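The block underneath contains the structure these notes are about, expressed in structure tokens.
The values are calculated or read from the model by the stated rules, or taken from the named source; none is laboratory data. Keep in mind that this is a model prediction, so the values were computed, not measured. Backbone-built Cβ (ideal geometry, glycine too); neighbour counts: all protein chains shown.
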Amino acid sequence: MTSMEKLCFLHEAIAAHVQDGMSVAMGCGLESLIPFAASYEIIRQKKRNLTLIAPISDMQFDQLIGAGCVKKIIASWVGNVAAGLGHNYRRAAEAGIPQPIEIEEHSNFTIGLGLQAAAAGLPFLPTRTVKGSHFRSGSQFASVRCPFTDEELLAVRAIQPDVAILHVQRADKGGNVHAWGNFGVMREAAFAAKKVILTCEEIVDHDVILSDPNRNVIPEFLVSSVVHEPFGSHPSPTQGYTRRDDNFYFEYHKATRSRDGFEQWLQKWVLRVKDHREFLNLLGKERVEQLKPRGNLFAPAVSFNY
């Protein structure tokens, strides 16, 4: 595949690489860089029986659960960081609404270890954490002995997503990525997944990537599709491009307290909206402008000359 072939529209990338029954890693940047535009497209295309993987998806997984796209969650928490546990997640877990979900519980750290193990081609990685927790008895963990000290450790089973969907600041047409800020487990997910879809704020020339090679955190040989989708992480922040839309989180949490409220929210913001451009139009130009960072906080310049 040439670099030019990887650049496509979001609906094309989702249709090509996300199929029913797949495992999908999203929201791997913790509270930032969450690819909400991509998950809305997953909902529009009615993908079903997905396994979702992330530490904290900050209401993204709650939306996908409510839309009936999910059969299993591999996560440490599902909800709305600004307001509390996700209402759709609670309804699915407690009452099977709109359908029952399987839950594989992790800590933030063990999610990272599972992805790191898959990225390294290993069946597991050991840890001392979560040994005293109530969920250590799950099939995602197993007791092992250190061959050097005979210490009891906990093995974290490798987690290999079929697809990782990641939002980043900029990429070239081949899929080389420049990203900065809090990565969470973004890099681990990219290297662990069988395929990677990128949504990004900017498409830049390859020379821009070469000008700052240490910021190239995901290389193009991992990437299947590149999508130019400015504000594609809204309402989560993308450092340097958009701040967190706190009000959107609070509005969602209030609207989705009931099943009927969620369905009305979903119709307005996702199903009656053709694509992310129409979503931003619905959000409103003034609100979008207010979310853009004011001023600049540039890093000091460096020279790569020998």
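With in contact with a strand residue (DSSP E or B) (Cβ under 7 Å, 6 or more places away or on another chain) and closer than 19 Å to Ala67 by Cβ as the only criterion, which of Tyr241, Tyr249 stands out? Before you say what the answer is, go through the steps one by one.
On the way: Tyr241 fails: closer than 19 Å to Ala67 by Cβ.
On inspection, the qualifying residue turns out to be Tyr249.
Rundown of residues vs (1) of a type in the set (D, E, K, R); (2) within 26 Å of Gln169 (Cβ to Cβ), yes/no style:
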{"residue": "Pro237", "(1), (2)": "no, yes"}
{"residue": "Ser258", "(1), (2)": "no, no"}
{"residue": "His276", "(1), (2)": "no, yes"}
{"residue": "Leu282", "(1), (2)": "no, yes"}
{"residue": "Lys285", "(1), (2)": "yes, yes"}
{"residue": "Leu291", "(1), (2)": "no, yes"}
{"residue": "Pro300", "(1), (2)": "no, yes"}
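Among the residues of the range 15-31, write down those that are in a loop (DSSP other than H, G, I, E, B) and modelled with pLDDT of 95 or more. Don't jump to the end; show me each part of the working.
At the first step, the residues of the range 15-31 found to be in a loop (DSSP other than H, G, I, E, B) are 18-22, 26-31.
Of everything in the range 15-31, those that are in a loop (DSSP other than H, G, I, E, B) and modelled with pLDDT of 95 or more turn out to be Val18, Gln19, Asp20, Gly21, Met22, Met26.
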Any residue at all in the range 196-203 that is of a type outside the set (S, T, N, Q), in the same structural domain as Val18 (by TED's automatic domain parsing), in contact with a Phe, Trp or Tyr (Cβ under 9 Å, 6 or more places away or on another chain) and at negative phi? yes
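Checking the condition out of contact with any Phe, Trp or Tyr (no Cβ under 7 Å at 6 or more places or on another chain), of a type in the set (Asp, Glu), in contact (Cβ under 8 Å) with a residue 12 or more places away in the chain and in the same structural domain as Ser236 (by TED's automatic domain parsing), which residue from Asp58, Asp62 passes?
Working: Asp62 fails: out of contact with any Phe, Trp or Tyr (no Cβ under 7 Å at 6 or more places or on another chain).
After applying the criteria, what remains is Asp58.
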Restricting to the range 185-235, what's the tally of residues that are part of a loop (DSSP other than H, G, I, E, B) and modelled with pLDDT of 95 or more? 15
Hey, can you tell me all the residues within the range 81-99 that are more than 18 Å from Asp58 (Cβ to Cβ), in contact (Cβ under 8 Å) with a residue 24 or more places away in the chain and surrounded by fewer than 18 Cβ atoms within 10 Å (Cβ to Cβ)? Ile97, Gln99
Those residues of the range 123-138 which are touching a residue at least 24 places away in the same chain (Cβ under 8 Å) and either exposed (fewer than 13 other Cβ atoms within 10 Å of the Cβ) or not in a loop (DSSP other than H, G, I, E, B) (or both), in sequence order: Pro123, Phe124, Leu125, Pro126, Thr127, Arg128
